[in-house]
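The next block holds one structure in the form of structure tokens; read it before the comments.
The values are calculated or read from the model by the stated rules, or taken from the named source; none is laboratory data. Note that the coordinates shown come from a computational prediction; the quantities given were computed from them, not determined experimentally. Note that each Cβ is placed from the backbone with ideal geometry, even for glycine, and that neighbours are counted across all protein chains shown.
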Amino acid sequence: MLPTSIRLRQAAALIGAVGVIAGAFGAHALRDSLEPAQLAIWQTAVSYLFWHVLAALFAVRAARAVDDGPARAAASLFLLGIVIFSGSLFALALPVPRLIGMLTPVGGVCLIAAWLVLAWSETRA
């Protein structure tokens with residue numbers, strides 16, 4: 001069963017707040033302790049996080065407008081993809097085991113799937 005639109009909006013809002021915190025943390029606390037390449041990875045994670053939070057919120061709004069399960073599924077995939085993709089990039093920017101980098105493509109696939117499901121949902125609306 002898919003999460004309700006309210007829960008998806010709450011999750012998107014919380015992830016958006018995490019994005020602001022992560023962006024500020026990277027710009028201020030990490031800028032002197034990470035290499036430029038690591039900071040670039042961190043910034044990519046923040047950027048993808050924000051764009052896809054907006055997409056998730058759009059998908060939730062679309063789902064509410066027509067009570068569309070596929071649009072809710074797209075929103076869920078966006079949020080899952082954000083957690084896996086951006087989360088693994090945040091980890092890769094820090095001194096953690098490189099094995100975590102194997103998760104990044106999984107998150108990317110979730111994000112791609114979310115866009116495709118959203119497109120399909122919009123053709124049905």
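Listed values, structure above:
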| read-out | value |
| --- | --- |
| Top-ranked residue of the stretch 40-63 - restricted to ones that are of a type outside the set (Val, Ile, Thr), more than 10 Å from the chain's Cα centre (by Cα) and buried (at least 23 other Cβ atoms within 10 Å of the Cβ), ranked as modelled with the highest pLDDT | TRP42 |
| Tally of residues being within 30 Å of ALA91 (Cα to Cα), hydrophobic (A, V, I, L, M, F, W, C) and in contact with a Gly (Cβ under 9 Å, 6 or more places away or on another chain) across the stretch 57-81 | 2 |
| Wholly enclosed helices (runs of 4 or more DSSP H) of the stretch 54-125 bearing at least 2 residues touching a helix residue (DSSP H, G or I) at 6+ places or on another chain (Cβ under 9 Å) and of a type in the set (Val, Ile, Thr) | 104-124 |
| Exclusive hit being more than 26 Å from LEU30 (Cβ to Cβ) and under 12 Å from the mean Cα position of the chain (by Cα), set VAL66, VAL109 | VAL109 |
| Residue match in the stretch 36-46 (condition: closer than 19 Å to ALA12 by Cβ, part of a helix (DSSP H, G or I) and polar (S, T, N, Q)) | no |
| Residue in the stretch 97-104 that is of a type in the set (A, V, I, L, M) and buried (at least 19 other Cβ atoms within 10 Å of the Cβ) present | no |
| Count of the stretch 105-125 residues which are farther than 19 Å from ALA12 by Cβ and surrounded by 19 or more Cβ atoms within 10 Å (Cβ to Cβ) | 0 |
